[in-house]
Amino acid sequence: MPEAIYQFPPGFLWGTATASHQVEGQNTNNNWYAWECEEGRILNGDKSGLACDWWGGRWKEDLDRARSTGQNAHRMSIEWSRIQPAPDRWDENALDHYRDIIRGMTERKLKPMVTLHHFTDPLWLTERGAWEDDGTPELFVRYVSKVVEALQEYVELWVTINEPNVYTYGGYMDGGFPPGKNETGTAFIVLKNMVRGHALAYKAIHDLQPQAQVGIAPNYRSFAPARSWMLLDKWMANFLSQSYNDAFPRALVDGKLSFAFNSAQIPEAKGTMDFFGINYYTRDLVKFVLSPEKQFNERFFPEGVELSDTGFLANIPEGLFEGLKWARGYGLPIYVAENGVENVNDDLRPRYLIQHIHQMWRAVNFNWNIQGYFEWSLVDNFEWERGWTQRFGLWGLDVDSQIRLRRTSVDIYERICKENAISSRLVEKYTPEIMDKLFPGFKGFRETP
């Protein structure tokens, strides 16, 4: 029977992404555990608790599921507070534990991409002011060197800092992340120190492991003017994009950080990226408003667009293509380091997944240098200030029993991973409602002889 196929290049990486605090469980020595213990910080008073019990060993069964369903890579993170529980102490047992996990990945033929900082800071670092303190970059590079020295046998792809823009905005601009501040000047200091920390880590990793590939994974948020004819809407959308999307990665290209009317020269950061990771979820429309309390803007989703369960995300796959075009401007290999949607009943995720991967294929078809895709996430996990209210996993999780629940999206992603392609047969079977969008005019195997 005739079939249309969107094929990806040989060797393309297909994986899922996780983060230590969200899946390990019993992380009780970092800023997010302290945040969970403060009343009103997490929706419904949720606690991470056992999370997905990876520290207890359930990483084995989850990675078995990843491998058996065709994945060939996995992105995970290291918990700084486990490696360095106190400023004067290293935990070699924790390093051994991570070595076991990463060795387990390679034994399952899953290529590791390892993130060294994913939102969490050790409590002892928080007491010093965390990334507000100008001494933190040097402390960070000591930790990075310890980890890389221990794990370099198994890891070639290192992400120094995940979503420094989200860490900065969440903790220092809108208060939803620890430490819950709303101080633009402090946010600039934090971002500047994260740029310095990345630059030092980049050099240290290459000193230890010259063949390593070192990059970052910023969150790309698409901002579009709500009224295309309104110059102030256009200006505000551009301003938000420059401050949120561009500030950190541009500093790693030209050694200059520009953020919300602040700037600093950081020459040691120039040229410190080997690849570009992009985390994309959704797009905002932006309207300029005369309200200092709202920072002169309102952001909202387009009318009539599909929304995730809690309305947190809108299904706008074209934004991923836009983000890949933006990332391509840095002239480096690209990985989609995160992309996914919260959807407990798995009625939106099949469309979201296929449509976004199709947009990535469009970019690949233009011969853009995209090396891999990591879906967020392998299994439902603890979603930061939103607790357990959002379910991003291909596999569902019953938190109390730790039972994994196979969703239909597992089957969809398995077919994509194993075939290294999106086929018309796959779309017709699982998401026939978007068949004409992805394969316009194609009749193919639907016709009876």
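General remarks:
- Selection from segment 115-126 of residues that are under 12 Å from the mean Cα position of the chain (by Cα) and more than 17 Å from residue 36 (Cβ to Cβ): 115, 117
- Of all residues in segment 343-356, those being assigned to a loop (DSSP other than H, G, I, E, B) and buried (at least 23 other Cβ atoms within 10 Å of the Cβ) number 1.
- Among strands (runs of 3 or more DSSP E) entirely within segment 383-449, having at least 2 residues that are touching a residue at least 24 places away in the same chain (Cβ under 8 Å), surrounded by 15 or more Cβ atoms within 10 Å (Cβ to Cβ) and in contact with a strand residue (DSSP E or B) (Cβ under 8 Å, 6 or more places away or on another chain) singles out 395-398, 421-423.
- Output for segment 116-164, where each listed residue is of a type in the set (Phe, Trp, Tyr), over 22 Å from residue 274 (Cβ atoms) and crowded, with 23+ Cβ neighbours inside 10 Å: 119, 131
- In segment 173-193, the residues that are in a loop (DSSP other than H, G, I, E, B), among the aliphatic types (A, V, I, L, M) and within 21 Å of residue 124 (Cα to Cα): none
- Exactly one residue out of 377, 423, 409, 401 is among the polar types (S, T, N, Q) and touching a Pro at 6+ places or on another chain (Cβ under 8 Å), and it is 409.
- Top-ranked residue of segment 20-29 - restricted to ones that are in contact (Cβ under 8 Å) with a residue 60 or more places away in the chain and touching a Lys or Arg at 6+ places or on another chain (Cβ under 9 Å), ranked as surrounded by the fewest Cβ atoms within 10 Å (Cβ to Cβ): 29
- Just so you know, in segment 330-351 the residues that are of a type in the set (Gly, Ala, Ser) and under 17 Å from the mean Cα position of the chain (by Cα) include one that is farthest from residue 393 (Cα to Cα), and it is 337.
Rundown of residues vs (1) in contact with a Leu (Cβ under 7 Å, 6 or more places away or on another chain); (2) polar (S, T, N, Q); (3) in contact (Cβ under 8 Å) with a residue 60 or more places away in the chain; (4) surrounded by 22 or more Cβ atoms within 10 Å (Cβ to Cβ), yes/no style:
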residue: 185; (1), (2), (3), (4): no, no, yes, no
residue: 203; (1), (2), (3), (4): no, no, yes, no
residue: 212; (1), (2), (3), (4): no, no, yes, no
residue: 225; (1), (2), (3), (4): no, no, yes, no
residue: 237; (1), (2), (3), (4): no, no, no, yes
residue: 242; (1), (2), (3), (4): no, yes, no, no
residue: 245; (1), (2), (3), (4): no, yes, yes, no
residue: 265; (1), (2), (3), (4): no, yes, no, no
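- Answer residue from segment 55-110, given it is assigned to a loop (DSSP other than H, G, I, E, B), out of contact with any Lys or Arg (no Cβ under 7 Å at 6 or more places or on another chain) and touching a residue at least 40 places away in the same chain (Cβ under 8 Å) and is farthest from residue 146 (Cα to Cα) among those: 69
So that you can scan it fast, the table gives a plain yes or no per residue for (1) over 28 Å from residue 324 (Cβ atoms); (2) in a helix (DSSP H, G or I); (3) in contact with a Phe, Trp or Tyr (Cβ under 9 Å, 6 or more places away or on another chain):
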| position | (1), (2), (3) |
| --- | --- |
| 148 | yes, yes, yes |
| 168 | no, yes, yes |
| 199 | no, yes, no |
| 206 | no, yes, no |
| 216 | no, no, yes |
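- Selection status of residue 222, touching a Phe, Trp or Tyr at 6+ places or on another chain (Cβ under 7 Å) and among the small types (Gly, Ala, Ser): no
- Here segment 303-329 is the region considered, the condition is being small (Gly, Ala, Ser) and over 17 Å from the mean Cα position of the chain (by Cα), and the residue that is surrounded by the fewest Cβ atoms within 10 Å (Cβ to Cβ) is 304.
Readers should treat all values here as calculations from the given coordinates under stated rules, not as data from a laboratory. Because the structure is a prediction, the values reported are computed rather than measured. Don't worry about glycine lacking a Cβ; one is built from the backbone with ideal geometry, like all the others, and counts go over all protein chains shown.
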